[in-house]
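Supplied in structure tokens, the structure appears directly below.
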Amino acid sequence: MAYRSFGDFLDALEHAGELKRVAVPVDTDLLISEWADREMKSPGGGKALLFEQPVVDGKLSKFPVAINTMGARQRMAMALGRESIDEIAQEIQLLLKAKPPTDLREGFALLKQGIHLLHARPKQVREAACQEVAYRLSEHPTSNELTLRDLPILKCWPKDGGRFITLANVHTRDPETGARNVGVYRMQVFDERTTAMHWQVHKVGARHGKVYYQRGERMPVAVTLGGDPAYTFAATAPLPDGLDEILFAGFLRRKSIELVKCKTIDVDVPADVDLVLEGYVQPGEMQPEGPFGDHTGYYTAVEDYPVFHVTAITHRKDAIYPTTIVGVPPMEDFYMGDASVRIFLPVFKMNFPELVDMTLPAEGVFHNLVFVSIRKQYPYQAFKVMHGLWGMGQMMFSKYIVVVDEDCDVHNTSEVLFRLCANTDPARDTTIIKNPSDSLDHAPTEQNIGSHMGFDATRKLPGENYHRSWPELLKMTDEVRALVDALQTKTR
Ligand SMILES: Cc1cc2nc3c(=O)[nH]c(=O)nc-3n(C[C@H](O)[C@H](O)[C@H](O)COP(=O)(O)O)c2cc1C
Ligand SMILES: [Mn+2]
């Protein structure tokens, strides 16, 4: 079930008819990006692409480039070794049901324990595929050394400030508690041995960084690429701070992860990844990062971010470079975010017993739009659910939340818009609140803070300032439907 390497996953995709190989040389400067964008925007998310001959600055790179590997429902399920993502949601629900938790914190604690019990604990090893080839980088690398310039890192959009590593799994540790974290944060290449480290202020990597800065200590950081896709998915999932991505990935792939110590820093990484960039972040050292064609569909402005210094690059002999691009939706990252929401729906339902279903439509690029359906029992319950969501982890960024009744399919945007328009009186059924905003959202007057709006598109109950009788939604009788079904079958 678990993949032995990223290449193993690509083989599985190919067997399932989910991968297209591109054998001709294609430039990593915009051309792979344009090719992949067309694929991502084709029906259902298209296929995964394997560029066998990526070109970097006029030279063929020795590492093939894989892109759009998780950009479809089917491939996202395959990445996590299941027929469907809903199987994982069911497994989590079972874990939570073992002893019903009484609140969210208890729920997460239980989830963590459950994940431990499922033999997800990592194992330490000494020999590692990801260290088959190892280069320590000198201060002034010679042309024989492998450096960042030799990796097929994409320039994604015409006005990007440079090349960006987009599926970097960034491994850090809290120097005080020893707690580990893995997050996907993009990295702009500055030169052959330095990059930016784009962990936004709300993310765990940034919090770990702050502790090192306060102590005035150099921060060891390891960046991994590839390996079992469950690693990368776990690093993007909005896990509560403290739920270890390595444990979570072990649970997802149903196999504990083998960890190996890096060659030049005291950080452990999964032994079977494709590439490892070992290095450090120096407290206080910042450089302008960007612009970058972002998941908002717009270029994000240049801002100062920490600098990551590479001290060593290690890799598998047959390493493949995984990447993605983000941009105007729908893109690959939609399917990753969508899988997260579906996997954690049981956890949300635990705190919101009225919650029936929830989705973050592609048009809202994660944080801009949330559709929730609820079984409403009492007045203002829709507002209670909105406020709850605005207080939960990365859901705090949700700019617009639309709450509908349980009989509305939240995955059908047109049905949700119909309910929104039909059932709301704007002054009565909306609320505007203050909350942190996504760092990448360009619309708020000031970065990181903004207003957020909730729409109660549910039918109004007595006690909700509606003094007329609520009308009935049109619906044909089951009897008539059955009769016409029968007639149509006959005349077909
Ligand atoms: C393709 C992709 C690129 C991402 N790039 C960034 C980034 O540059 N900076 C960032 O802070 N989060 C980025 N994220 C989101 C984080 O990976 C996500 O919020 C994750 O849950 C953070 O983990 P953490 O809570 O352990 O910090 C990206 C996600 C995806 C799918
Ligand atoms: Mn985390």
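The values are calculated or read from the model by the stated rules, or taken from the named source; none is laboratory data. Keep in mind that this is a model prediction, so the values were computed, not measured. We place every Cβ from the backbone using ideal geometry, glycine too, and count neighbours over all the protein chains shown. Note: areas computed on protein heavy atoms with side chains; ligands, DNA, RNA excluded. Shrake-Rupley method; radii C 1.70, N 1.55, O 1.52, S 1.80 Å.
When the Karplus curve 6.51 cos²θ - 1.76 cosθ + 1.60 is applied with θ = phi - 60°, which whole-Hz ³J(HN,Hα) does each residue of segment 338-352 get, with x for Gly and Pro?
These are the phi-based 3J(HN,Hα) values: 4, 5, 4, 4, 5, 5, 8, 3, x, 6, 5, 5, 5, 8, 10 Hz.
Using θ = phi - 60° and the Karplus form 6.51 cos²θ - 1.76 cosθ + 1.60, what ³J(HN,Hα) does each residue of segment 233-244 get, whole Hz, x for Gly and Pro?
4, 4, 6, 9, 5, x, 5, x, 3, x, 8, 5
Moving to a separate point now. Please report Rg (one decimal) and Dmax (integer) in Å for the Cα set of the chain.
Using the Cα atoms of the chain, the pair Rg, Dmax is 23.9, 80 Å.
Explain nothing, just the number: dipole magnitude of the chain about its Cα centre with +1 on each Lys and Arg Cβ and -1 on each Asp and Glu Cβ, in debye rounded to the nearest 20.
Details: 55 positive and 66 negative charges, 162 e Å.
About 780 debye.
Using just the Cα positions, wrap segment 146-186 in a convex hull and report its mean projected area in square nanometres, one decimal place. Provide the component values of the computation, followed by the final result.
On the way: hull surface 16.6 nm².
Convex hull of Cα atoms, orientation-averaged projection: 4.1 nm².
So if R0 is 56 Å, what FRET efficiency would residue 213 and residue 487 give, r being the distance between their Cβ atoms, rounded to the nearest 0.05? Don't skip to the answer; put the middle values down first.
Working: r = 73 Å, r/R0 = 1.31.
It comes out at approximately 0.15.
Moving to a separate point now. So how much accessible area does residue 478 have, in Å² to the nearest 10, using a 1.4 Å probe?
Looks like 110 Å² after rounding.
So, one more: Please identify every one of the GluC sites (Glu not before Pro) in segment 69-138 that sits in a loop by DSSP and has no more than 16 other beta carbons within 10 Å of its own beta carbon.
For GluC sites (Glu not before Pro) across segment 69-138 that sit outside H, G, I, E and B with at most 16 neighbouring Cβ atoms in 10 Å, the list reads 83, 127, 132.
So for 470, 35, what's the accessible-area order with a 1.4 Å probe, most first?
35, 470
Report the GluC sites (Glu not before Pro) located in segment 429-492 that are in a DSSP loop and have at most 15 other Cβ atoms inside 10 Å of their Cβ, or state none.
Working: sites: 446, 464, 472, 479; in loops: 446, 464, 472.
Hits after loop and neighbour filter: 446, 472.
Moving to a separate point now. For segment 103-174, take N as its residue count and report Rg(C-alpha) divided by 2.2 N^0.38 Å.
Output field value: 1.78.
Moving to a separate point now. In whole Å, how far is the Cα centre of segment 162-240 from that of segment 419-464?
Cα centroid of segment 162-240 versus Cα centroid of segment 419-464: 32 Å apart.
With viscosity set to 0.692 mPa s and temperature to 37 °C, compute the Stokes-Einstein D of segment 397-492, Rh being the Kirkwood radius across alpha carbon pairs; µm²/s, no decimals.
Estimated diffusion coefficient is 197 µm²/s.
A further question follows. Starting from the Cα of residue 155, draw a straight line to each of the lysines and keep only those under 24 Å, dropping any in the same chain fewer than 8 residues away.
Residue 155 reaches 20, 41, 47, 59, 62.
Over the chain, what is the mean sequence separation of C-alpha contacts under 8 Å (at least six apart), divided by residue count, expressed as relative contact order in percent?
Once normalised by length, the contact order is 15 percent.
Can I ask one more? Using a 1.4 Å probe on the protein chains only, how many percent of the accessible area of segment 401-485 belongs to carbon and sulfur?
Summing carbon and sulfur atoms, their accessible area is 55 percent of the total for segment 401-485.
Would you tally the net charge around residue 167, using a Cβ to Cβ cut-off of less than 11 Å, leaving residue 167 out, and scoring K and R as +1, D and E as -1?
Surrounding charge for residue 167 is -2.
Now, a different point. Which lysines have a Cα lying under 28 Å from the Cα of residue 376, excluding residues fewer than 8 positions away in the same chain?
Partners found: 97, 99, 349, 384, 399, 434, 460, 475.
I would also like to ask the following. Which of the trypsin sites (Lys or Arg not before Pro) found in segment 300-389 are in a DSSP loop and have at most 16 neighbouring Cβ atoms, other than their own, within 10 Å?
Listed in order of number, the matching sites are 317, 375.
As I understand it, the dipole of segment 427-489 uses +1 on the Cβ of Lys and Arg and -1 on the Cβ of Asp and Glu, about the Cα centre. Which of 439, 486, 469 lies farthest toward its positive end?
Result: 469.
Moving to a separate point now. Could you report the chain's accessible area per residue, 1.4 Å probe, as an integer in Å²?
45 Å²
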